[in-house]
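The values are calculated or read from the model by the stated rules, or taken from the named source; none is laboratory data. Note that the structure is predicted; figures quoted are calculated from it, not measured. Cβ atoms come from the backbone with ideal geometry, glycine included; neighbour counts cover every protein chain shown.
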Amino acid sequence: MTALPVSPWRVSMTTIRAVKAETPGVTTYDLSFDDPAAGYSFLPGQFNMLYLPGIGESAISMSSDAAEPGKLRHTVRAVGNVTRAMERLLTGDKIGVRGPFGTSWPVEQSRGNDVIVAAGGLGLAPLRPAIYHLIRHRSSYGRVTVLYGARSPADLLYTDEYEAWHSAGLDVQVTVDVGSADWQGSIGFVTTLLSRVPLEPTRTDVFTCGPEVMMRFIASGAVNRGIAAGRVFVSLERNMNCAVGLCGHCQFGSEFVCKDGPVFPFDRVRRLMHVENI
Ligand SMILES: Cc1cc2nc3c(=O)[nH]c(=O)nc-3n(C[C@H](O)[C@H](O)[C@H](O)COP(=O)(O)OP(=O)(O)OC[C@H]3O[C@@H](n4cnc5c(N)ncnc54)[C@H](O)[C@@H]3O)c2cc1C
């Protein structure tokens, strides 16, 4: 299932309504469309091309609730031209949006199943819309577990939401690679959390996003625990330009990450997942 843009080339202007510093170098922007009739909607896991006039475009996943498409939210790590320029923007500034693009987390297909959401670092951003969906439709799913790992406590995203996710009936488990003086939680990789969680392989779907090496370990850990590779979904990142499968920048074997992904079943991409970004 894919939500499609009105036109893949049309840039809709948005205004920044709020800017929130999340973790070092990572910021969340709340955007609203200048034209309320923009006719925009998206599915959890899809992405937009965010456009800064005179600078360029970057692929950035939606991190907000797809049930409220008018309240668009993106969480961005400043790494290069566009994202560093974005870091200087303030409330009231403009960002162009082209999208939505790509495939989504299979939240409808997973109805009735247990779901494990496994995120590493910034990988929680594209998964947060799936978490909101699972909460909104909580009774349609079995056991829902969120496993989240970051490098340090200071790198954990959305810490003010975990309690609400837990209260909504999700099992939320958080770990860090390296603790701090006041960290009393788990220390270790998110892959270790997966090895400990109780699961019924024939009724469990896994959605994972994070550094590619982490997704490979999560996906193979799930498969080793008896979950079919086709029930494990990974979200891949590749350099992207057009976002509609024309320019070839994000080609990945016979797949284009922009239109055949970014969310893929692991069995479709596992042989390619060692291929470096170009
Ligand atoms: C489908 C999809 C969804 C994405 N969602 C998000 C998102 O929600 N939030 C987000 O922050 N990013 C996201 N990205 C990554 C983002 O598109 C890239 O980081 C993009 O290159 C940033 O554009 P830029 O012009 O700022 O940097 P560029 O000028 O393109 O890149 C500058 C340099 O940074 C390096 N670089 C690129 N990405 C990273 C990284 N992650 N860490 C360290 N160095 C890096 C590049 O190799 C390059 O050398 C997503 C990418 C894809 C394909």
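Data overview
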| quantity | calculated |
| --- | --- |
| Candidate set: region 206-226, residues that are surrounded by fewer than 24 Cβ atoms within 10 Å (Cβ to Cβ) and away from the ligand (no atom under 16 Å from the Cβ); chosen: the one farthest from HIS133 (Cα to Cα) | ASN224 |
| The one condition in (1) closer than 25 Å to PHE47 by Cα; (2) assigned to a helix (DSSP H, G or I); (3) touching a helix residue (DSSP H, G or I) at 6+ places or on another chain (Cβ under 7 Å) that ASP160 fails to fulfil | (3) |
| Enumeration of residues in region 3-60 that are within 25 Å of PHE207 (Cβ to Cβ) and in contact with a Leu (Cβ under 7 Å, 6 or more places away or on another chain) | ALA3, GLU22, THR23, VAL26, LEU31, SER58, ILE60 |
| Flag if ARG196 is touching a strand residue (DSSP E or B) at 6+ places or on another chain (Cβ under 6 Å), more than 16 Å from the ligand (Cβ to nearest atom) and of a type in the set (Lys, Arg) | no |
| Candidate set from region 26-42 (those that are surrounded by fewer than 23 Cβ atoms within 10 Å (Cβ to Cβ) and over 17 Å from LEU90 (Cα atoms)); member that is farthest from the ligand (Cβ to nearest atom) | ALA37 |
| Qualifying positions in region 227-278 - modelled with pLDDT of 80 or more, within 11 Å of the ligand (Cβ to nearest atom) and aliphatic (A, V, I, L, M) | LEU236, VAL263 |
| Residues within region 69-93 that are part of a loop (DSSP other than H, G, I, E, B) and either within 10 Å of the ligand (Cβ to nearest atom) or in contact (Cβ under 8 Å) with a residue 24 or more places away in the chain (or both), tallied | 12 |
| Number of the exception - VAL172 against (1) β-branched (Val, Ile, Thr); (2) part of a loop (DSSP other than H, G, I, E, B); (3) surrounded by 14 or more Cβ atoms within 10 Å (Cβ to Cβ) | (2) |
| Options SER58, SER64: the member that is more than 25 Å from THR192 (Cα to Cα), within 14 Å of the ligand (Cβ to nearest atom) and outside any loop (DSSP other than H, G, I, E, B) | SER58 |
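One line per residue, one yes/no per condition, for (1) away from the ligand (no atom under 13 Å from the Cβ); (2) part of a strand (DSSP E or B):
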{"residue": "GLY96", "(1), (2)": "yes, yes"}
{"residue": "GLY99", "(1), (2)": "no, yes"}
{"residue": "THR103", "(1), (2)": "no, no"}
{"residue": "ALA118", "(1), (2)": "yes, yes"}
{"residue": "LEU122", "(1), (2)": "no, no"}
{"residue": "ARG128", "(1), (2)": "no, no"}
{"residue": "TYR132", "(1), (2)": "yes, no"}
